[in-house]
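Working notes, structure below.
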Amino acid sequence: MKTDSNMILVVEDLVKYYGAGENLVRAVDHTNLEIERGRFTAIVGRSGSGKSTLLHLIGGLDRPDEGKIWIEGKDIFALKDDQLAKFRRKKIGFIFQDFNLIPSLNVWENIVLPLGLDNRKVRKNDVAEVLEKIGLADKIESMPNALSGGQKQRTAIARALVTRPAMILADEPTGNLDSQTELEVISLLKSCVKDFGQTLVMITHDETIAQMADRVIEIADGKAVNC
Amino acid sequence: MKMTTRIAFDNMKYYKSRNMLIGIAIVLTTMLLFVIPSVGKGMIDIQFAATNRLYPAWHALYRNVDEEIVRQLSVHHDISKYGLRSDAGYMKLEDASVGMLYVDQDGMELYKMELAEGSFPKQKDEIVVSQGILTELGQQGDIGDTVTVPYQIFRGGELDLAQQGEFRICGFLEDNDTNRKTRAYTALISEAFLKSEIPNEEIVYRFLLQIDDTDEPTTDEIEEKVKNIAEQFGVSEDDTNINQDYLMANYVDPVMLPAIVMIMAIIVLAGVITIYSIYYVSMNQRIQEFGRMKAIGAAKRQIRQVVLREGFCVAAFAVPVGLLAGTFVSKAVLSLFVHFMGGEDEYMKTIREVINSGEVSLYYWWAYVLAAAVTLCTIYISLIRPMHVASKISEVEAMRMQGAGKRSRSRRKGYEFITIGRLTRRNLLENKRKSTITILSMAVTGVFLMVVATVLSCANPTESANGTLVGQYEISPVIEENNKEHPERRWTEIQKDNPMDEPLKQQIEALAGVRRVDTFTIVKVTSEVFDEGDYQWINGVSREYAKELEKGITEGQITYEELKSGDKVIVDTAFLHWYPEVGIGDKLNLTVYDGDRAYEKEFEVAAIGDYRSGLTDAGYLIMAKEAADRLCENNSSGYFHVIADKNYDEELKEALSEIVDASGRIDMRIWKTEYETWKSAMTVTSGASYAFLGILAAISVMNLVNTMINSVHVRKKELGMMQAIGMSDSQLLRMLQLEGLFYTLGTLLISVGLGSLAGYPVFLYAKRNRIFNISTYHYPVTTAVTVSVVLLLLQILLAAGIGRSVKKASLIERIRFSE
């Protein structure tokens, strides 16, 4: 077990292939990396380089063919599916490119959903603090279809933050937003993570955003080429 | 292949799971649509074939027709075939009855009589006999041998003095069990003999005829023609005899068709609701697809065609499977019917013979065509609305939609915190119409099932048998008011020498196992207010039933003591069925028949009551026995109700049967026989009804399967998303189960609730119309519990199955999934 308490994430010799024979895709190919607690790390790379697959593996959404991932010293793939789901909702917050809000729930309900799934009590003040921070305090009763793209993504950010996870994984969170909103959202995300002392790992292929990160990891052909 | 057909075919393959569900619904619908008319027609054909074997083939016969009328009738354009019979007389024998008849060749055919060997008598001294006749005559002989026959000839309307003649045997008839048992036989003599013995002007014939059926008339039309011809030639109604059994067996009864059409309409309705509902629920998912097609130039008509052809592509696979399944099922159903239909009588034996001989084919080409055509119509009707919706989709709107339907509300108060239950509730509310349609479409079948189950559960063989008999055995004289062959069986004749006398009663009471014998009196009455030719019976009920009489009163009031006055009656509700205008306080002026005497008397309707048929025995004007006794000087005992210690006692039955057989003038009805009859009838009816309803239920369950699969399919990404943020597999399964539970409970609530409520009036209707002799309401607990358990189990399995199939795709695949 990795014991370096400063490292929130350790990826060791991670392999994930898709297909076979001529169609074999080496999405993640013997990748090693470590990420420090409380830092903003950007993962960059060309389309098809394997960065999304890496992020999904880090988040425990998929299982690797080989290799291990430790989050806060825990080997996440040693966990069974249900244990992994519980681990995920406690330790990891996700933000996706296309928001993925639940259309039948209003903003407040979408945000407190992970707490509900974890049978945790909703501390109204904590949620209000997050809402205040992301500027959606007046939208709590709005339905997702009544929100703009930026508002939807802010809701998704709030949902990721509300459980106070150790690490937030964001998969091109601004990919569907205009440039003005894009900067707003990233700034917001960065400041939130800082305020709540969380680690942020974000996939992007936007240079400007990558420059805002504490650290940039470049992925090419399934390998981390520049850590 | 046309482009629209190509797209439709590809769509069918692409939306495999949904189309498989529709396919199953179509298979089941087609199967039912094939089985119902096939088995219906098969049963009728088998019964008809049996009837044809047992009954003569004439449509009608005219009695007492002289030679001149025969000549005129024989050229009538409506008569396609005729035969003649004339009764020359009887052989004079001690205990046997042997009629000597002249029957011509066509008459023989119409009577379905065939010579076992030899030829028809032509010469005056030729005769056709049977081995039974020879035994009765105490002689032996073969073809060509001479026998001596003592006989009496009908002359001037009566049997003349006995004479003796020598006859040469020219042929033999076969004896059957009935001949031997009743010792009643028929010998055939020649026309020459008939004419030599009876003067021409005194000879009367029975004119047997078949009506021309080239224009396929119904039974009613044939009867109408028979009556018209009789009227034209002055043949009285009494002299006209219509062969109802044969006509029923060979011509369509107008009542039959609507019954089959109604059952088929129910199947079509279930099919339409299910297929429509499956399309409706899945339509949102495909709005974008149709929008895209429109955007690239598909016309409305083409979109409609794509939807329609997709349905028909599924049908192209499902209909043949349904027909094939129906072919096997109908054969099995018929075998089961015959297996459960008890009875060892001649008719049932013949039915079994007909089935085993394969004489009736169960496979009618038109049933295949009909089932296929009606199924295709069902599919078309189900698709009208989906076609319309698909073709109306606006390109822009469709492209914008995320496949989750319109959401008009932009704000809504929410829960402070979210649980799995609340999450489920939100989703169901969001898809209110979808949920409602699923529940309603399943509930329609559920309500229907509960209503039928109510009637079936009220049909209890013991209660039905108790309803048809007062005691365990019912003994009554053989009464036949309209049998010209047996004028001695008219009630007024019986009254003069009634076999139901005190010694008989005492003889029965003395039998071991008999507790008591209750006598009911019957009095024949006619009235001007009755239909022409109709007569009714006053029923003198004995004191033991005073309480039952008073309890059964539904309108008005009268005590048993008051009924002793003799001028007041309770009218049974069945009487009002024919004479609805009769009411309480009405005075009925009746002609009372008492042997050779008839007199007028006025009776007041004091009350209306609802009684079991065993108590009334078609005597719907009820009064106290002692009052009814006073109406007649002759012995008017109509029923001995034997109250025995046990419901069935073989020894007592044998003893009573001996008494009945010895008398030859009385009949007996047995509780056990009634019980067995009801039991077997109800087993067959319930079995058939539940099998039918089970398949209908299976069709509608396809809705539940589709809605749940669809709800998961549409939300694949959403569910993946929820799992990404921490929903565990067990939480997902719980959510799916809660959703299924909602559909199940909704369906159960409406089915069982509304079905139970609707069942009661249907029970009252069945009771009023004496369907299955239903008398007491029984809630169909077993059906309600079975339906609930089956539906709940099904839903649990379904949720588990869907949960498993969801997990087949990795979380990543699900999150990436987009319509």
message = Taking every DSSP beta bridge with both residues inside region B:473-645, roughly what % is antiparallel (nearest 5)?
response = 80
query = Given the C-alpha centroids of region B:44-101 and region A:49-79, what is the distance between them in whole angstrom?
reply = 97
inquiry  = In region B:442-465, whose amide N lies under 15 Å from the spot 7 Å out along Cα-to-Cβ of B:Tyr765? List them in ranges.
reply    = B:447-456
task = Provide the per-residue ³J(HN,Hα) series for region B:135-143, in order, calculated from phi with Karplus coefficients 6.51, -1.76, 1.60 and θ = phi - 60°, each as a whole number of Hz, with x at glycine and proline positions.
result = 4, 4, 6, x, 10, 10, x, 10, 4
Lysines with Cα under 20 Å of B:Lys564, excluding same-chain neighbours fewer than 8 positions away = B:Lys524, B:Lys547, B:Lys551, B:Lys587, B:Lys601, B:Lys625
inquiry  = Suppose all protein chains stay in the model; what accessible area per residue would a 1.4 Å probe give for region B:473-645, in Å²?
reply    = 45
remark   = The lysines whose Cα lies under 19 Å from the Cα of A:Lys223, excluding any fewer than 8 residues away in the same chain, are A:Lys16, A:Lys51, A:Lys68
ask   = So who's got an amide H within less than 5 Å of the one on B:Ile198, skipping anything under 5 residues away but keeping other chains? H placed 1.01 Å off N, in plane.
value = none
message = Taking θ = phi - 60°, what integer Hz values does the Karplus form 6.51 cos²θ - 1.76 cosθ + 1.60 yield along region B:565-581, in sequence order, with x for Gly and Pro?
response = 4, x, 10, 10, 9, 9, 9, 6, 4, 4, 5, 5, 4, 8, 10, x, 6
query = Taking amide hydrogens as modeled 1.01 Å from N in the peptide plane, which residues meet the under 5 Å criterion relative to A:Val216, leaving out close sequence neighbours?
reply = A:Ala42
query = Tell me, what HN-Hα J-couplings in whole Hz come from the Karplus equation 6.51 cos²θ - 1.76 cosθ + 1.60 at θ = phi - 60° for each residue of region B:739-754, using x for Gly and Pro?
reply = 4, x, 4, 4, 4, 5, 5, x, 4, 5, 4, 6, 4, 6, x, 5
key: Amide H within-cut-off set for A:Ile8, under 5 Å, with H built and near neighbours excluded   = A:Ile35, A:Glu36, A:Arg37
inquiry  = Assuming 0.36 nm per residue, please report the length gained on full extension of the stretch B:Glu158 to B:Lys92 beyond their Cα-Cα distance.
reply    = 22.4 nm
request  = Write down the percent of antiparallel bridges among all DSSP beta bridges whose residues are both part of region B:60-242, to the nearest 5.
outcome  = 75
key: For chain B, share of DSSP beta bridges that run antiparallel, in % to the nearest 5   = 80
ask   = For region B:60-242: lysine pairs with Cα atoms under 26 Å, gap of 8 or more or different chains, count?
value = 17
Simple label model, 7 Å out from Cα along Cβ direction - B:Asn482 to A:Arg123, nm = 9.5
request  = Over chain B, calculate the relative contact order: mean separation of alpha carbon pairs under 8 Å at least 6 apart, over the residue count, as a percent.
outcome  = 16
query = Using a Förster distance of 51 Å, how high is the FRET efficiency between B:Thr419 and B:Val369, based on the Cβ-Cβ distance and rounded to 0.05?
reply = 0.35
ask   = In region B:114-138, which residues have a backbone nitrogen under 11 Å from the label point lying 7 Å from B:Arg168's Cα in the Cα-to-Cβ direction?
value = B:122-127
inquiry  = Ordering A:Phe87, B:Phe120 by accessible area with a probe of 1.4 Å, largest first, what comes out?
reply    = B:Phe120, A:Phe87
task = Send over the semi-axes of region B:473-645's equivalent ellipsoid, whole angstrom and largest first, taken as the square roots of 5 times the C-alpha gyration tensor eigenvalues.
result = 25, 21, 14
ask   = So, by mean Cβ neighbours within 10 angstrom, what's the order for B:53-60, B:703-710 with the highest one leading?
value = B:703-710, B:53-60
key: Candidate lysines for bridging to B:Lys679, where Cα separation is under 21 Å - those fewer than 8 sequence places away on the same chain excluded   = B:Lys349, B:Lys646, B:Lys653, B:Lys767
Buried area at the B-A interface (accessible, heavy atoms, 1.4 Å probe, summed, Å²) = 3200
query = Within the set A:Lys74/B:Lys432; A:Lys152/B:Lys807; A:Lys124/A:Lys190, which residue pairs have Cα atoms separated by over 32 Å?
reply = A:Lys74/B:Lys432
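The values are calculated or read from the model by the stated rules, or taken from the named source; none is laboratory data. Keep in mind the model is a prediction, meaning the values are calculated, not measured. A quick note on method: Cβ atoms are made from the backbone with ideal geometry, for glycine too, and the neighbour counts reach across all protein chains shown. Surface areas here come from the heavy atoms of the whole protein model, side chains and all, with no ligands, DNA or RNA. Shrake-Rupley method; radii C 1.70, N 1.55, O 1.52, S 1.80 Å.
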